[in-house]
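Below you'll find the structure, written out as structure tokens, and then a few comments.
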Amino acid sequence: MIGVELKLGLPTWPEQIGKYLALMHFEEVHAGRRDNLGLLFIVPEKVRESHLLRLGVNGPTIDTEFIARLRPNKLPNRIRNVFEKWPEELDSVRRRVRLVSVSWTSLRDQLKQIESEIDPRSRGEQTLLRLLAGLRTQIEKHENTRIQKKQLDVV
């Protein structure tokens, strides 16, 4: 699992997907090949449906020509080297990865649903409940998730 800290509200660009493909390749070099790879984008509701299209991706799979469309000058040198030295491996990652965009609203609603199914009397589940509730609260409070105040009362 690759952990990445992202700042909310920053735009996504095609080369960013290229960077993640390279990171997935590095991960597989160190931890072994994975059959199922995924990249989840969490975006405001109003851009969810068009998000992947704006990145040049039509659906959950990345087309064969995607890598060729990337602008090498927009990639850090180390990532560019991966594209040059291991094109077959990178293409293998491209074929196996699936992309999904979900909205912050949907994620918040799913967290709330999971919270409602947790037994608050169980010690282990109390910890999980606090973690999920804390994450949901931060999603609700963060301005760049663009969850409107009136949407907070719906859940």
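Report ³J(HN,Hα) in whole Hz for each residue of region 25-30, in order, from the Karplus equation J = 6.51 cos²θ - 1.76 cosθ + 1.60 where θ = phi - 60°; Gly and Pro get x.
4, 4, 4, 5, 4, 8
Give me, ordered by chain and number, the residues 5 or more places off residue 37 or on other chains with an amide H under 5 Å from its own placed amide H.
So residue 37 has HN proximity to 98.
Going toward the positive end of the dipole of the chain, with +1 on Lys and Arg Cβ and -1 on Asp and Glu Cβ, which of 32, 18, 60 do you reach last?
Working it through, the farthest residue towards the positive pole turns out to be 18.
Under the Karplus relation 6.51 cos²θ - 1.76 cosθ + 1.60, θ = phi - 60°, what is the ordered set of whole-Hz ³J(HN,Hα) values for region 119-132, x standing for Gly and Pro?
Per-residue couplings from phi come out as 7, x, 8, 7, 4, x, 6, 4, 5, 4, 4, 5, 5, 5 Hz.
What list of ³J(HN,Hα) couplings, whole Hz, do you get for region 12-19 from phi and the Karplus terms 6.51, -1.76, 1.60, once you set θ to phi - 60° and write x for glycine and proline?
Taking θ as phi minus 60°, the curve returns 9, 10, x, 5, 5, 4, x, 4 Hz for region 12-19.
Considering only Cα-Cα distances, which of the following residue pairs are longer than 24 Å: 19/141; 19/112; 112/141?
Over 24 Å apart, Cα to Cα: 19/141; 19/112.
Return a whole-number percent for the relative contact order of the chain, with Cα pairs under 8 Å and 6 or more residues apart as the contact set.
Details: 137 pairs, mean separation 48.2, N = 155.
Once normalised by length, the contact order is 31 percent.
Mind jotting down the three principal axis lengths of region 14-103 based on Cα atoms? Whole angstrom, largest first.
38, 29, 20
How far is helix 104-116 tilted, in degrees, relative to the longest principal axis of the Cα atoms in the chain, given as a value from 0 to 90 rounded to the nearest 10?
That helix lies at roughly 50 degrees to the long axis.
Between residue 141 and residue 46, what is the spin-label point distance in nm, taking each point 7 Å from the Cα along the Cα→C-beta axis?
Label-label distance for residue 141 and residue 46, simple model: 2.5 nm.
Which number do you get for Rg(Cα) / (2.2 N^0.38 Å) in the chain?
For the chain, the normalised Cα radius of gyration comes out at 1.22.
Residues with amide H under 5 Å of residue 101's amide H, sequence separation 5 or more or different chain, H placed in the peptide plane at 1.01 Å from N; which?
41
Roughly how many debye, to the nearest 20, is the charge dipole of the chain about its Cα centre, given +1 on each Lys and Arg Cβ, -1 on each Asp and Glu Cβ, and no other charges?
With only Lys, Arg, Asp and Glu charged at Cβ, the dipole is about 400 debye.
Full-extension gain between residue 86 and residue 34, please, as 0.36 nm times their residue separation minus the C-alpha to C-alpha distance.
Contour length minus the Cα-Cα distance gives 17.0 nm.
Which value at 222 nm does the chain reach when only helices count, each DSSP H run of 4 or more adding -39,500 (n - 2.57), with the total divided by all residues and rounded to the nearest 500 deg cm²/dmol?
-15500 deg cm²/dmol
Taken together, the values in this text are just the output of simple stated rules run on the coordinates, not laboratory data. Fair warning: this is a prediction, and the values are worked out from it, not measured in the lab. All Cβ positions, even for glycine, are placed from backbone atoms using ideal geometry, and neighbour counts span all protein chains on display.
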